[in-house]
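A.B. asks: Next up is a structure, given as structure tokens.
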Amino acid sequence: MKRFIVISCLLMLSISGSSQTNIDGFVLNQNKEPIIGANVYLKGTYSGGMTDDTGHFEFATQSKGKQTLVVSYVSFETKELVLDVSKMLSLEVKLKEDVNSLDAVVIAAGTFSSGDNSKVATLKPLDVVTTASALGDPIAAFQTMPGTSTVAEDGRLFVRGGEADETQIFIDGIRVFTPYLATANNTPTRGRYSPFLFEGMTFSTGGYSAEYGQALSGVLLLNTINEPEQEKTDVGIMSVGATVGNTQIWNKKSLSVNVSYLNLAPYNSIFYDRNEWIKPYEALSGETVYRHVFKNGLLKLYTAFDASRLEVVQEDINFSEGLRYGLQNDNFYFNGSYKGILTENWSIMTGLSYTYADTKVDYQLSDITDKENSLHAKVKFKRFFSNRFQFSLGAEYFTTNFEEDFLDENIPSYIVGFQKNIVASYAEFDLFFSKNLALKAGLRGEYSDLEKRASLSPRASLAYKVSKFGQVSFAYGDFLQAASNTYLKFNNKLSSAQTQHYIFNYQFNKNGRILRAELYAKNYDDLIKYDTELPYHGSYYSTEGYGFANGLDVFWRDNTTIKNTDYWLSYSYLDSKRDFKNYENEAQPNFVNTHNFSVVVKHWIEDWKSQIGLSYTYASGRTYTDPNKTGFLNQKTTPYGSLSMNWAYLLTQQKILYLSVNNVLGRQNINGYQYANTPNGPGVFESRPLLPAADSFFFVGFFWTISEKGTDNQLDNL
Amino acid sequence: MRNIITILIFSVSLTISSQTNYHEGMQQAFGLWGQQKNTEAVHMFERIANAEQTNWVPYYYAAQVEVTSSFGEKDVTVLDANLKKGQLYLDKAMTISKDNPELLVLQALLYTAWVAYDGATYGRKYSKKINKLYEKAEKIAPENPRAAYCHAEWNIGAAKFFGNDIQPFVKDLEKSLDLFATFELPSPFYPNWGEERAKVLLESYKS
């Protein structure tokens, strides 16, 4: 027994009494400056120390032989050294900056984003729905950002001198072919998709990644919610209709269903409208999102259907009794995507979307039926090498089948259409040279079977941090896009239009205040030209058009200076001319405003449990042609101005009353003029101004969220 | 036989010495924390955690130091750095111990630090997540006083913000005190905070 005790005592002694070895050295950054406060220790032991003001550390250890010395410090990459303890003397350890940290440079040229799917966060999802003029439409909210033009009678996004169809919309990286609701002529449209399905929205007004093609001017990327947080039922009763939604969550799966019905008949019977409605706008829409979380990935299936109907008689200078316009639109959209991790360093994203759109227009004596079937399939792989270098490559396929059936009693009927297939692939890398300098470069190749032509588009952007809060970036890119359905249906041989973007960006970001200024130049080539008043069956088409757009966009946002207040200012200067369509010469197109200015203010009043929002837009006049004077697009309208207000009042945490008025001051905005086809007696072409159906718009809604816990609300939906 | 006993004693003495090391190391780290030497304390906890590969407790405290010091921080870059560090330690603790109520509560507190910094911005982003975390923690461990107390405090804050009645949550707070009274620490250095603050809070709502 004694022997055991002796042995154990000896053992104890040998452990506690072993001799100590000293370890010391310096920890420096790449510029050989000391890093103060780094944690230095031997892996698997408690021995360690911290660096002092000179970057020096020293500590003693009882460990012997080969050991791992760990040096870690926030916003630097952790370093491990394997050495014999006896050799750990006067060490000099250099740490590399971690380019993933918050203050690292970001590639930001051209991009505006909401949500935190990107470091360039300038708009959050909630902002979209609390912007006074937006009425819950993400598209309208992004119209308060610089780089967009105010084309009030259209409602779509016009980016940097581009037409509306030059900006493409993607849901979870997959293309949306028909993103806008069908409307009558001269009536602004809205986006089809409700904002509360999305958790992040990124809007890029140029110079975007090689991942996105078939877009000349801009991309809007919408990402659906990955994981709903609560089971709930949402009910909304509005002055224009009603909406019901429900979310169910099972362990790894969830399902959200939403149904809305809109009918403008009651509204039109109360408020004055310049149109004469035979059948006021009526729409039924439904959407479902199914999500399934797998061990290494996430599957999302999104399906949306909507049907809209309307019939209206609109004023026309050439027809004293007005023009009758009837519309029936059915739209189906499916989007399935899978995102997952393949191995430690490889990840995959793949998806497919299918669109079916059926539009029947009944216009005076003509019946026009358009049927579109479009499909987009995509796969993308990403390889992670380190925080400093990532590489991605992908391939995609677009196909559109379009058919138009034109029937008229007086003019020859026709059936036209086309089948368009495009295959594309791209490769791109992100490289951080340091925390201050980053490069993104990629190459995109496309082949179009209609044109029998392959093309290569390089894209690159370089960002450099000039000060603690400021950075500059440059971006260059080649972009191309096939001719739109409007022309391809009449002529299948038209080649793609193309453009180059050159962008210089300065960004300053400090504690909730963001300043962005961006200078850009764009050249357009191979734009469509035709020889008739409108594109007709039998017109002569070519791609000899061209144009340019140069400008400056400025954005300022501040949510810290004034308590409970968030505001942003946007200013865009745009100089753009084109010779395309049926233009007689190079001229400023009628969708271009030289100056655009927007202010958006949101203020939360705690005592009233209310959020008040204001937004104001000013845009300089747009061009139109006065046939009584010489020249083409020779006149400009008076400037556009509109002040909108909204008020969200929380009755309880789950009941919200919402009120919104667009163009509160009732300013009469003239979008352009229509001239008579033939001059009157004294030889003058008579005209009428193109006015919106109503100057102002009112909206009242009551939203109620029913959830088990009673803590959720629809504030995000407004 | 003798050899076996020798080995036994040897291994027992080793565990004793390593447990003593752990005990001393933790004490030392708490000492540093008490002296407001936060960085040193975090470093010490990190080292202990690195040596004790299967023990979530040192990582818990490393994260807790970062989270606690973030409340009241006005500089967003400092706040972001602290909470990112805290999240890193918390993630490591969670890989060691899954569905641990103490870690769920700390995760909720980490989000709450963002809400405390800017309620208008981060309240909407995190409030649902915070609720979900507390609900989960209470479901797993109905006897855990910190889950009950922190959830009650969070609900009181939210009810005040929306102008709702706080009384049901004050009752929850009261119940958490009963849990504190009966809660037994499963292991040394197991999280054991909150009772004092819960009492102070309750007093302030009662008077």
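A.B. asks: Please state which of the following conditions A:TYR272 fails to meet, knowing it meets all the rest: (1) surrounded by fewer than 14 Cβ atoms within 10 Å (Cβ to Cβ); (2) free of Cβ contacts under 8 Å to residues at least 24 places away in the same chain.
C.D. replies: (2)
A.B. asks: Still on this structure: Any chance region B:157-173 includes a residue that's within 20 Å of the chain's Cα centre (by Cα) and within 11 Å of chain A (Cβ to nearest Cβ)? Explain how you work it out, then say what you get.
C.D. replies: Taking region B:157-173 and keeping what is within 20 Å of the chain's Cα centre (by Cα), we get B:157, B:172-173.
From the residues that got through so far, the ones that are within 11 Å of chain A (Cβ to nearest Cβ) too are none.
Checking region B:157-173: not a single residue is within 20 Å of the chain's Cα centre (by Cα) and within 11 Å of chain A (Cβ to nearest Cβ).
A.B. asks: Give the residues of region A:427-476 that are assigned to a loop (DSSP other than H, G, I, E, B) and either closer than 18 Å to A:GLU97 by Cβ or polar (S, T, N, Q) (or both), sorted by residue number. Full working, then the answer.
C.D. replies: Here is the first cut: in region A:427-476, the residues assigned to a loop (DSSP other than H, G, I, E, B) are A:435-436, A:449-452, A:466-469.
Once the filter is applied, which keeps residues that are assigned to a loop (DSSP other than H, G, I, E, B) and either closer than 18 Å to A:GLU97 by Cβ or polar (S, T, N, Q) (or both), region A:427-476 yields A:LYS435, A:ASN436, A:VAL466, A:SER467, A:LYS468, A:PHE469.
A.B. asks: Considering region A:504-546 alone, what residues qualify as being on the phi > 0 side of the Ramachandran plot and buried (at least 16 other Cβ atoms within 10 Å of the Cβ)?
C.D. replies: Going through region A:504-546, the residues on the phi > 0 side of the Ramachandran plot turn out to be A:511-512, A:526, A:538.
Within region A:504-546, just A:ASP526 meets the criteria.
A.B. asks: Any residue at all in region A:675-685 that is within 20 Å of A:LEU574 (Cα to Cα) and assigned to a strand (DSSP E or B)?
C.D. replies: Step one: of region A:675-685, the residues within 20 Å of A:LEU574 (Cα to Cα) are none.
So far as region A:675-685 goes, no, none of its residues is within 20 Å of A:LEU574 (Cα to Cα) and assigned to a strand (DSSP E or B).
A.B. asks: OK, next. Can you tell me which residue is surrounded by the fewest Cβ atoms within 10 Å (Cβ to Cβ) among those in region A:556-599 that are among the acidic types (Asp, Glu) and part of a strand (DSSP E or B)?
C.D. replies: The initial filter retains those residues of region A:556-599 that are among the acidic types (Asp, Glu), namely A:558, A:566, A:575, A:579, A:584, A:586.
Checking which are part of a strand (DSSP E or B) leaves us with A:558, A:566, A:575, A:579.
Working: A:ASP558: 16, A:ASP566: 23, A:ASP575: 14, A:ASP579: 18.
The selected residue is A:ASP575.
A.B. asks: With respect to B:LYS129, determine if the residue is surrounded by fewer than 16 Cβ atoms within 10 Å (Cβ to Cβ) and facing chain A (nearest Cβ under 10 Å). Lay out the reasoning, then the answer.
C.D. replies: On the way: surrounded by fewer than 16 Cβ atoms within 10 Å (Cβ to Cβ): yes; facing chain A (nearest Cβ under 10 Å): yes.
Considered against the rule, which asks whether it is surrounded by fewer than 16 Cβ atoms within 10 Å (Cβ to Cβ) and facing chain A (nearest Cβ under 10 Å), B:LYS129 comes out as yes.
A.B. asks: State all residues of region B:26-38 that are surrounded by fewer than 20 Cβ atoms within 10 Å (Cβ to Cβ) and either in contact with a Phe, Trp or Tyr (Cβ under 6 Å, 6 or more places away or on another chain) or within 13 Å of chain A (Cβ to nearest Cβ) (or both); if no residue qualifies, say none.
C.D. replies: If the condition is that a residue be surrounded by fewer than 20 Cβ atoms within 10 Å (Cβ to Cβ) and either in contact with a Phe, Trp or Tyr (Cβ under 6 Å, 6 or more places away or on another chain) or within 13 Å of chain A (Cβ to nearest Cβ) (or both), then B:GLN27, B:GLN28, B:LEU32, B:LYS37, B:ASN38 are the ones that fit.
A.B. asks: Would you confirm whether any residue within region A:348-362 is loosely packed, with under 15 Cβ neighbours inside 10 Å and in contact (Cβ under 8 Å) with a residue 40 or more places away in the chain? Show your work before the answer.
C.D. replies: So in region A:348-362, the residues loosely packed, with under 15 Cβ neighbours inside 10 Å come out as none.
No, region A:348-362 contains no residue that is loosely packed, with under 15 Cβ neighbours inside 10 Å and in contact (Cβ under 8 Å) with a residue 40 or more places away in the chain.
A.B. asks: Something else now. Among the residues of region A:176-190, write down those that are of a type in the set (A, V, I, L, M, F, W, C) and touching a Lys or Arg at 6+ places or on another chain (Cβ under 7 Å). Outline the logic, then answer.
C.D. replies: First, the residues of region A:176-190 that are of a type in the set (A, V, I, L, M, F, W, C): A:176-177, A:181-182, A:184.
Hit for region A:176-190 is A:LEU181, nothing else.
A.B. asks: Within the bounds of region A:236-253, is there any residue that is assigned to a loop (DSSP other than H, G, I, E, B) and closer than 30 Å to A:GLY547 by Cα?
C.D. replies: So in region A:236-253, the residues assigned to a loop (DSSP other than H, G, I, E, B) come out as A:239-240, A:250-252.
Subsequent filtering for residues that are closer than 30 Å to A:GLY547 by Cα retains none.
Checked region A:236-253: no residue is assigned to a loop (DSSP other than H, G, I, E, B) and closer than 30 Å to A:GLY547 by Cα.
A.B. asks: Quick one: would you say B:ALA181 is in contact with a helix residue (DSSP H, G or I) (Cβ under 7 Å, 6 or more places away or on another chain) and part of a helix (DSSP H, G or I)? Give the steps one after another, and end with the answer.
C.D. replies: On the way: in contact with a helix residue (DSSP H, G or I) (Cβ under 7 Å, 6 or more places away or on another chain): no; part of a helix (DSSP H, G or I): yes.
No; evaluated as a whole, the condition is false for this residue.
A.B. asks: What is the residue count in region A:418-434 for residues that are out of contact with any Lys or Arg (no Cβ under 7 Å at 6 or more places or on another chain), modelled with pLDDT of 90 or more and of a type in the set (Ser, Thr, Tyr)?
C.D. replies: 1
A.B. asks: Can you tell me which of A:PHE490, A:PHE479 is among the aromatic types (Phe, Trp, Tyr) and either within 21 Å of A:TYR397 (Cβ to Cβ) or surrounded by fewer than 16 Cβ atoms within 10 Å (Cβ to Cβ) (or both)?
C.D. replies: Working: A:PHE490 fails: either within 21 Å of A:TYR397 (Cβ to Cβ) or surrounded by fewer than 16 Cβ atoms within 10 Å (Cβ to Cβ) (or both).
Result of the check over A:PHE490, A:PHE479: A:PHE479.
A.B. asks: Being touching a residue at least 12 places away in the same chain (Cβ under 8 Å), out of contact with any Leu (no Cβ under 8 Å at 6 or more places or on another chain) and assigned to a helix (DSSP H, G or I) is the filter here; which residues of region B:136-167 pass it? Walk me through it before giving the result.
C.D. replies: First pass over region B:136-167, keeping only residues touching a residue at least 12 places away in the same chain (Cβ under 8 Å): B:136-138, B:140-141, B:143-156, B:158, B:161, B:166.
Narrowing the set further to residues that are out of contact with any Leu (no Cβ under 8 Å at 6 or more places or on another chain) leaves B:138, B:141, B:146, B:151, B:154-155, B:158, B:161, B:166.
Those that are touching a residue at least 12 places away in the same chain (Cβ under 8 Å), out of contact with any Leu (no Cβ under 8 Å at 6 or more places or on another chain) and assigned to a helix (DSSP H, G or I): B:GLU138, B:ARG146, B:HIS151, B:TRP154, B:ASN155, B:ALA158, B:PHE161.
A.B. asks: A follow-up question, please. Here is a check on your reading of the model: is A:LYS522 of a type in the set (Lys, Arg) and out of contact with any His (no Cβ under 7 Å at 6 or more places or on another chain)?
C.D. replies: Details: of a type in the set (Lys, Arg): yes; out of contact with any His (no Cβ under 7 Å at 6 or more places or on another chain): no.
Answer is no for this residue.
To keep it simple, each residue is scored yes or no on (1) closer than 30 Å to A:GLU544 by Cβ; (2) in contact with a His (Cβ under 9 Å, 6 or more places away or on another chain); (3) of a type in the set (A, V, I, L, M, F, W, C).
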{"residue": "A:GLN390", "(1), (2), (3)": "no, no, no"}
{"residue": "A:PHE402", "(1), (2), (3)": "yes, no, yes"}
{"residue": "A:SER434", "(1), (2), (3)": "no, no, no"}
{"residue": "A:LYS440", "(1), (2), (3)": "no, no, no"}
{"residue": "A:TYR464", "(1), (2), (3)": "no, no, no"}
{"residue": "A:PHE469", "(1), (2), (3)": "no, no, yes"}
{"residue": "A:GLN481", "(1), (2), (3)": "yes, no, no"}
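A.B. asks: All but one of (1) touching a Pro at 6+ places or on another chain (Cβ under 9 Å); (2) among the small types (Gly, Ala, Ser); (3) within 14 Å of chain A (Cβ to nearest Cβ) hold for B:ALA198; state the number of the condition that does not hold.
C.D. replies: Failed condition: (3).
A.B. asks: Identify the single condition in (1) in contact with a Gly (Cβ under 7 Å, 6 or more places away or on another chain); (2) in a loop (DSSP other than H, G, I, E, B); (3) not acidic (Asp, Glu) that B:HIS43 does not satisfy, given that it satisfies every other one.
C.D. replies: Going through the list (1) in contact with a Gly (Cβ under 7 Å, 6 or more places away or on another chain); (2) in a loop (DSSP other than H, G, I, E, B); (3) not acidic (Asp, Glu), B:HIS43 breaks only (2).
A.B. asks: Cβ-Cβ distance below 6 Å, separation of 6 or more or different chains: which pairs start in region A:52-74 with a residue that is more than 12 Å from chain B (Cβ to nearest Cβ) and end on one that is of a type in the set (Phe, Trp, Tyr) and assigned to a strand (DSSP E or B)?
C.D. replies: Partner pairs satisfying both residue conditions: A:GLY55/A:PHE26; A:HIS56/A:PHE26.
A.B. asks: When you check A:THR355 against the structure, is it at pLDDT 95 or above and more than 23 Å from the chain's Cα centre (by Cα), yes or no? Even if it seems obvious, please write down each step before you answer.
C.D. replies: On the way: at pLDDT 95 or above: yes; more than 23 Å from the chain's Cα centre (by Cα): no.
Answer is no for this residue.
A.B. asks: Given the structure, is A:ASP566 in the same structural domain as A:LYS465 (by TED's automatic domain parsing), touching a residue at least 60 places away in the same chain (Cβ under 8 Å) and within 22 Å of A:LEU462 (Cα to Cα)? Explain how you work it out, then say what you get.
C.D. replies: On the way: in the same structural domain as A:LYS465 (by TED's automatic domain parsing): yes; touching a residue at least 60 places away in the same chain (Cβ under 8 Å): yes; within 22 Å of A:LEU462 (Cα to Cα): no.
It is false that A:ASP566 is in the same structural domain as A:LYS465 (by TED's automatic domain parsing), touching a residue at least 60 places away in the same chain (Cβ under 8 Å) and within 22 Å of A:LEU462 (Cα to Cα).
A.B. asks: Here is a further query. Collect the residues in region A:391-442 that are within 18 Å of A:HIS376 (Cα to Cα), free of Cβ contacts under 8 Å to residues at least 60 places away in the same chain and within 24 Å of the chain's Cα centre (by Cα), keeping them in residue-number order.
C.D. replies: A:LEU393, A:ALA395, A:TYR397, A:THR399, A:VAL423, A:SER425
A.B. asks: Go through region A:626-646 residue by residue and tally those that are surrounded by fewer than 17 Cβ atoms within 10 Å (Cβ to Cβ) and assigned to a strand (DSSP E or B).
C.D. replies: 3
A.B. asks: Now for a separate question. Take the conditions touching a Leu at 6+ places or on another chain (Cβ under 6 Å) and of a type outside the set (D, E, K, R) and apply them to A:THR233. Does it pass?
C.D. replies: No: the conditions fail for A:THR233.
A.B. asks: Anything in region B:100-126 that is away from every other protein chain (no Cβ under 12 Å) and of a type in the set (Gly, Ala, Ser)? List them, or say none.
C.D. replies: Within region B:100-126, the subset away from every other protein chain (no Cβ under 12 Å) is B:100-113, B:115-116.
Hits for region B:100-126 are B:ALA108, B:ALA113, B:ALA116.
A.B. asks: Is there any pair linking a residue in region A:212-233 that is more than 12 Å from chain B (Cβ to nearest Cβ) and within 23 Å of A:GLY162 (Cβ to Cβ) to one that is surrounded by fewer than 18 Cβ atoms within 10 Å (Cβ to Cβ) and polar (S, T, N, Q), with Cβ under 9 Å and at least six apart or on different chains, and which?
C.D. replies: If the second residue must be surrounded by fewer than 18 Cβ atoms within 10 Å (Cβ to Cβ) and polar (S, T, N, Q), the pairs left are A:LEU221/A:ASN117.
Yes/no matrix, rows are residues, columns are (1) in the same structural domain as A:PHE196 (by TED's automatic domain parsing); (2) assigned to a strand (DSSP E or B); (3) acidic (Asp, Glu):
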| residue | (1), (2), (3) |
| --- | --- |
| A:ALA283 | yes, yes, no |
| A:HIS292 | yes, yes, no |
| A:ASP316 | yes, no, yes |
| A:THR343 | yes, no, no |
| A:ASP362 | yes, yes, yes |
| A:ARG383 | yes, yes, no |
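The values are calculated or read from the model by the stated rules, or taken from the named source; none is laboratory data. Fair warning: this is a prediction, and the values are worked out from it, not measured in the lab. Heads up, the Cβs are rebuilt from the backbone with ideal geometry, glycines too, and the neighbour counts pull from every protein chain shown.
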